[in-house]
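Structure first, then comments.
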Amino acid sequence: MSKSYFRKVAFGIGPDEKLPNNAVSWAKNQVDAVPDLTWQGEIPSGKDLLTRYSKWVYQDRKVLREKHKKDRKAYRAAKDQLRLEVGERYFENLELCIRHDAALNSGAPVFERLWMFWCNHFAITDKDFMPEFTTGPFHRETIRQHMCGNFTELVTAATTSWSMIHNLDNSESIGPNSKRGRWRRQNGEVATVNENHARELLELHTVSPAAGYTQKDVIALSYIMAGWEHPHSKKRLECNPVKFNPDSHEPGNHKVMGKTYKQRGLSPKSKLLDVIKDLCAHPNCKQFIAFKLCRHFICDEPTETMMQPIIDAWDATSGDLPSIHKALLDVAWANSDAEQKFQNPEIWLLQLVKMTGAPWPPTPKEMTYDFKSKPNKRQRQPSRLLRDLGLSPYRPTQPNGFPDTAPEWLSPELLIRRLAASREIGFRARFDLNYDDVVRKNFDAPDEVLSHLHGASSQQKAQLLFPSYWMLMA
Amino acid sequence: MTLNRRTFLAGAGSLTLLGSPLISARASQLKKRNLVVVMLRGGMDGLTAVPPKDKLLQSARPDIIVKGTISLNSDFALHPKLETFYELWKANQAAIFHATNIPYVNRSHFEGQDLMESGGHTPYGESTGWLGRGMEAAELQGLSVSLPMPLLLRGGINPDNYFPTRMRLPDQALMQRVAATYPEGSSLNDAMQRVLHRPMSMMQRVDDRDALSLAGTAAEELAKEDGPRVAVFDLNGFDTHAAQGGEDGEHGEMLSKFDGIVRILRNRMGNEFNNTLVVSLTEFGRKLEQNGGYGTEHGYGTAVLMAGGLVKSAKVHADWPGLASRSLYDGQDLNATIDARSIYCAAMAACFDVDFRYIRKHAFWDETLSDVTESLFRV
């Protein structure tokens, strides 16, 4: 059997785990329900974190800058103090603990891999202080909670979330003929739509450029989306939950990709929901998502044959995500022996931890934070390590997320990080770790792998095994 | 860095990994000239960096017009944050090509950035970059100062990248054993050979990773007689849909980072800066008209900034189309009147000491690009 399957769709098999008898049914049983997060420490709500974020931006922009405008040093000191109070250096680390704890311990590692995939699909880029406060809860509350329903619901939830609206500037969008647009023009101000969010909804989240939409379609969709914004308030600034504001919305009917969208009922906000429904049912959307799933889990250049069963499952269930995920897991199994993929740094790290039982992530006790002093070294380790490896999950630089092909992850410098991390984490492997057992459970040609490790001390074994070809590929 | 004689000898047992003797021979015969490409991701606004003196710009951008610009000539000014660039301008070591862009008009960052690096016409259609292909044709190697290897450099001869870490490596003997598991000729093995033959100065643990400290390392490597001849920087953050601002806004901040890289290279490279050319590269410019959030939307035409001793003279090169609405692209953007790939092709011809047509054939598939080498660069 193909043992690499357990690394392809999960994180491998740990020292205390048995190899499942039937790999595919093991995998498929994990995608029907959203598993609870396993982290035993604090899991702050998105609402609370948005409030902390608002305190950070409000105090900085409206209070400290004004108060210390003549004294840069005093301003810096006050800002550093504020940093501690709101946990500006803390929460990204806590989020990484929550994420990695789930990956390693939820009992549904396949679900967790899919969670990571969808978080990356709806990438929130490193902008303002979103990685520090709000991207983690977006992943936990918006993406994760919608992974066992219909794709349309997932897209709708992501599109109308505070994180996406803020990340793609939709609150800046003002329909030129909206109430606000008219006021602004009367005052000599400019009033236009911001096309960013509409463009990414088409290009990255649903149909992809292959659908052949035009600039006119993008503008029409921007009109439809205008009004989906986070209200601005005096004390919380932009940090208020998204609310549709009809005053910014471009009135009238708008035509996107050949279809005219009219208002249903009393609120024009239904137009966006109707467009999303159609985008999600578009053949190019199914094609695009099937391609991305195969590219993430199977190989860099997926074939039509790999994608078709996923598209079929989509058609048969009108976009039911568990069915789509199960079809993917079948295809991944069918191609498990023939195809291999270079594993991205975060997945590789989690595989390494899973196999060695290294103490990762830090424990809830270690992560207990007083909001008075700088987070300690252990508390800052998650973000530091991930940054060193080259993949900080809350900090993609572009809205298309982290890349999924080998050349993007394969450079001398990135390789150095894997070598160095193997050394650091290998030192922390379980003291009673039996490398024979690790290799036999997780690799398809164990004898070859074991001969590579032959004669090495257990600390050396970690440094030899984890950057090896067999481990980097799955 | 692997082209120095010592490492070349060290790697003589595995010649294919380090390049053929021919490459080394060419590199050692050639007068060393350096090409530095700074990628400005997000859409650098040529109208903010090098604003034309035109009332139409004022009226299209009432809230984000840059004040305190430096006059370059009767038609153009310079953003005040480009301080070093202006010093170089005064010394005839900086120039601008305005109203230009890569041939891409669809306003998507991802497609645009893919094309600015690949040099092609179909997004995601090429797996190599124009600089990588040009370097391969000229038989030269390069260094990227970034963590992932940019598409721009791919297709070259074992391109290297550098980005300091605080972690420690396993010892050499263990790394050699790891390397033995990588298939021969695989890109993984190529990368590993680069790691094994890296100079000690690049193996040290460094804490500071901002663009300026990286520029310092790149400057030191480039200044070496046997160092790399090409360096690539990656600056992200030009996508100013909101709060683009005037002189102190987001776009100004980003231009100041670009200027900082130029400053460090000039200060640290010594005389070698005279044999160096720095060029900017971006996916597109930004729309003429400001948006509701004091920012600008994705556009088309922009400017290419050029600095260094290989610049021929301080000049704004442009077949200026003007900002009247009839001359705008799509009625909204500054037009591009020359394919920016002509400039990059010329930059490679000048720095790699090869014929423009030769580079054009290998890096740009012999497409129609006008030879601007002599008008832009000292050759």
Residue satisfying all of: in region A:33-73; of a type in the set (A, V, I, L, M) and free of Cβ contacts under 8 Å to residues at least 60 places away in the same chain; surrounded by the most Cβ atoms within 10 Å (Cβ to Cβ) among these: A:L64
Candidate set: region A:190-205, residues that are over 16 Å from A:W228 (Cβ atoms) and either more than 8 Å from every other protein chain (Cβ to nearest Cβ) or part of a helix (DSSP H, G or I) (or both); chosen: the one nearest to the chain's Cα centre (by Cα): A:L204
The lone exception for B:S24 - which of (1) in a loop (DSSP other than H, G, I, E, B); (2) at pLDDT below 95 it fails: (1)
Helices (runs of 4 or more DSSP H) enclosed by region A:217-335 - at least 1 residues per element that are farther than 28 Å from A:T405 by Cβ and assigned by TED's automatic domain parsing to the domain that holds A:R185: A:270-281
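Quick grid of which residues meet (1) of a type outside the set (A, V, I, L, M, F, W, C); (2) on the phi > 0 side of the Ramachandran plot; (3) under 32 Å from the mean Cα position of the chain (by Cα); (4) assigned by TED's automatic domain parsing to the domain that holds A:M355:
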residue	(1), (2), (3), (4)
A:L419	no, no, yes, yes
A:R423	yes, no, yes, yes
A:F427	no, no, yes, yes
A:F431	no, no, no, yes
A:V439	no, no, yes, yes
A:L450	no, no, no, yes
A:S458	yes, no, no, yes
A:L465	no, no, yes, yes
Members of region A:143-160 that are under 20 Å from A:H197 (Cα atoms), touching a residue at least 24 places away in the same chain (Cβ under 8 Å) and assigned to a helix (DSSP H, G or I): A:I143, A:F151, A:T152, A:L154, A:V155, A:T156, A:A158, A:T159
Of the criteria (1) surrounded by fewer than 24 Cβ atoms within 10 Å (Cβ to Cβ); (2) of a type outside the set (A, V, I, L, M); (3) within 22 Å of the chain's Cα centre (by Cα); (4) modelled with pLDDT of 95 or more, which one B:P321 fails: (3)
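Listed here are the residues, each with its yes/no results for (1) under 18 Å from A:I43 (Cα atoms); (2) surrounded by fewer than 18 Cβ atoms within 10 Å (Cβ to Cβ).
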| residue | (1), (2) |
| --- | --- |
| A:A78 | no, no |
| A:R89 | yes, yes |
| A:C97 | yes, no |
| A:A108 | no, no |
| A:T125 | no, no |
| A:M130 | yes, no |
| A:F133 | yes, no |
| A:R140 | yes, no |
| A:R144 | yes, no |
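Condition check ((1) more than 26 Å from A:R89 (Cβ to Cβ); (2) of a type outside the set (F, W, Y); (3) more than 9 Å from chain B (Cβ to nearest Cβ)) across all residues:
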| residue | (1), (2), (3) |
| --- | --- |
| A:E366 | no, yes, yes |
| A:D370 | no, yes, yes |
| A:R384 | no, yes, no |
| A:S422 | yes, yes, no |
Test for A:L414: is it at the interface with another protein chain (Cβ under 8 Å from one of its Cβ atoms), within 19 Å of B:L169 (Cα to Cα), touching a helix residue (DSSP H, G or I) at 6+ places or on another chain (Cβ under 8 Å) and not in a loop (DSSP other than H, G, I, E, B): yes
Options B:G301, B:G270, B:G309, B:G252: the member that is in contact with a Ser or Thr (Cβ under 8 Å, 6 or more places away or on another chain), within 30 Å of B:I157 (Cβ to Cβ), in contact (Cβ under 8 Å) with a residue 24 or more places away in the chain and away from chain A (no Cβ under 14 Å): B:G309
Hey, B:R133 buried (at least 22 other Cβ atoms within 10 Å of the Cβ), touching a His at 6+ places or on another chain (Cβ under 7 Å) and more than 12 Å from every other protein chain (Cβ to nearest Cβ) or not: yes
Complete set of residues in region B:110-130 that are of a type outside the set (S, T, Y), surrounded by fewer than 24 Cβ atoms within 10 Å (Cβ to Cβ) and within 11 Å of another protein chain (Cβ to nearest Cβ): B:F110, B:E111, B:D114, B:P123
Criterion: polar (S, T, N, Q) and touching a His at 6+ places or on another chain (Cβ under 9 Å) - qualifying residue of A:N150, A:N120: A:N120
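Yes or no, residue by residue, for (1) surrounded by fewer than 23 Cβ atoms within 10 Å (Cβ to Cβ); (2) of a type in the set (A, V, I, L, M, F, W, C); (3) modelled with pLDDT of 95 or more:
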{"residue": "A:V242", "(1), (2), (3)": "yes, yes, yes"}
{"residue": "A:S248", "(1), (2), (3)": "no, no, yes"}
{"residue": "A:R264", "(1), (2), (3)": "yes, no, no"}
{"residue": "A:F288", "(1), (2), (3)": "yes, yes, yes"}
{"residue": "A:M306", "(1), (2), (3)": "no, yes, yes"}
Counted residues, region B:39-70 - those being acidic (D, E) and more than 18 Å from the chain's Cα centre (by Cα): 2
Options A:P407, A:P446, A:P393; residue that is touching a Lys or Arg at 6+ places or on another chain (Cβ under 8 Å), more than 13 Å from chain B (Cβ to nearest Cβ) and either surrounded by fewer than 18 Cβ atoms within 10 Å (Cβ to Cβ) or farther than 30 Å from A:V86 by Cα (or both): A:P446
Residue check, B:P80 within 28 Å of B:F364 (Cβ to Cβ), of a type outside the set (A, V, I, L, M, F, W, C) and assigned to a loop (DSSP other than H, G, I, E, B): no
Which numbered condition B:P150 fails, given (1) at pLDDT below 90; (2) farther than 29 Å from B:K31 by Cβ: (2)
Close pairs from region B:177-190: first part of a helix (DSSP H, G or I), partner at pLDDT 95 or above and aromatic (F, W, Y), Cβ under 8 Å, at least 6 apart: B:L188/A:F342; B:L188/A:Y469; B:L188/B:Y182; B:N189/B:Y182
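For every residue, the table says whether it meets (1) buried (at least 24 other Cβ atoms within 10 Å of the Cβ); (2) modelled with pLDDT of 95 or more.
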{"residue": "B:N274", "(1), (2)": "no, yes"}
{"residue": "B:A303", "(1), (2)": "yes, yes"}
{"residue": "B:A314", "(1), (2)": "no, yes"}
{"residue": "B:L334", "(1), (2)": "yes, yes"}
{"residue": "B:M348", "(1), (2)": "yes, yes"}
{"residue": "B:D353", "(1), (2)": "no, no"}
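The values are calculated or read from the model by the stated rules, or taken from the named source; none is laboratory data. These numbers come from a predicted model, not from an experiment. So basically every Cβ, Gly included, is an ideal-geometry build from the backbone, and we count neighbours across all protein chains shown.
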